[in-house]
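What follows is a short report on a single structure.
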Amino acid sequence: MVTSQIEINFASNNVDKIAEATNILRQFSIKVNPVDFKVREIQASNIEEIAADSAKATAEFAGKSVVVEDAGLFISSLMGFPGPYSSFVYQTIGCGGILKLMRGIHKRTAVFRSAVSYCEPHHEPRVFTGELEGKISLTERHGRKFGYDPIFIPDVTPSKTFSEMGLLEKDQVSHRFKAFKKLAFWFLTGKEEP
Ligand code: IMP
């Protein structure tokens, strides 16, 4: 019997995200085909809306189904900042700027959120979300280098920042893992993950 492998077209120009999505979906025997563009990223107050809008526009433009992901770091004592502005904030003040904003602040809780959106041309997008709670470290602690990884300590591994974890370790607990796992469940069963 020949069974065809499930494949998704992942629209992202971020090599770290593509590597993580590939690792995560391999665990569910789903292959990731990178699409190296995504159409527009609106400014909105929630990442679900940003991902859904981009998935719809990209699917129409590409003429095929696509998956788009939007992620953000939400810091409690900064009222959820940088949240949906995480990309701009990373490019401007970066991890160092966030640590400066947090100087003298004892409450360091934060959550990383991921919104993964799947869309076929002429259809409405579906969105799957994942989040992971943690803390903002006092200093940058580097291993692998990706975005805010050097300053985010997940509560599930309180001795390591995301950056100090091996990629395979991150890909079993991360916000991205949780969102892509829901997408995989839906692809494989046609149902929402309970
Ligand atoms: P976006 O989803 O590409 O808009 O990402 C928002 C910002 O968060 C970018 O600056 C990324 O570098 C950063 N980012 C997204 N996902 C992660 C992650 O898993 N770890 C660390 N930084 C991330």
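Observations on the structure shown:
- Using a probe of 1.4 angstrom and keeping all protein chains present, the accessible surface of the stretch 1-142 works out to 52 square angstrom per residue.
- Amide H contacts of Ala110 (H built 1.01 Å from N, in plane; Pro and chain starts excluded): Ser76, Gly134, Lys135, Ile136 sit under 5 Å, all sequence-distant by 5 or more or on other chains.
- Stokes-Einstein D (µm²/s) once Rh is taken as the Kirkwood radius of the stretch 1-111 over alpha-carbon pairs, at 37 °C in 0.692 mPa s: 207
- When the square roots of the Cα gyration tensor eigenvalues are ordered a ≥ b ≥ c, the ratio a/c for the stretch 15-73 is 1.5 or more and a/b does not exceed b/c, which makes its shape oblate.
- Pairs of alpha carbons in the stretch 6-189 whose separation is greater than 26 Å (percent): 28
- Taking trypsin sites (Lys or Arg not before Pro) across the stretch 75-118, the ones in a DSSP loop with at most 16 further Cβ atoms lying within 10 angstrom of their Cβ are Arg103, Lys107, Arg108.
- Inter-centroid distance (Cα atoms) of the stretch 118-143 relative to the stretch 37-92, Å: 9
- Highest average first, the peptides 77-84, 171-178 ordered by how many other beta carbon atoms sit within 10 Å of their residues are 171-178, 77-84.
- Counting only DSSP H runs of at least 4 residues, each contributing -39500 (n - 2.57), and dividing by the residue count of the chain, the helix-based mean residue ellipticity at 222 nm comes to -9500 deg cm²/dmol.
- For the stretch 95-187, the square roots a ≥ b ≥ c of the C-alpha gyration tensor eigenvalues yield an a/c of 1.5 or more together with a/b exceeding b/c, which makes the shape prolate.
- Fraction of accessible area attributable to carbon and sulfur, the chain (%, probe 1.4 Å): 56
- Computed about its Cα centre, the charge dipole of the stretch 90-194 is approximately 400 debye, with only Lys, Arg, Asp and Glu carrying charge at their Cβ.
The values are calculated or read from the model by the stated rules, or taken from the named source; none is laboratory data. Here the structure is a predicted model, which means the values were calculated and not measured. Glycine also receives a Cβ, built like all others from the backbone with ideal geometry; neighbour counts cover every protein chain displayed. In case anyone asks, the SASA skips ligands and DNA or RNA and just uses the protein heavy atoms, side chains included. Shrake-Rupley method; radii C 1.70, N 1.55, O 1.52, S 1.80 Å.
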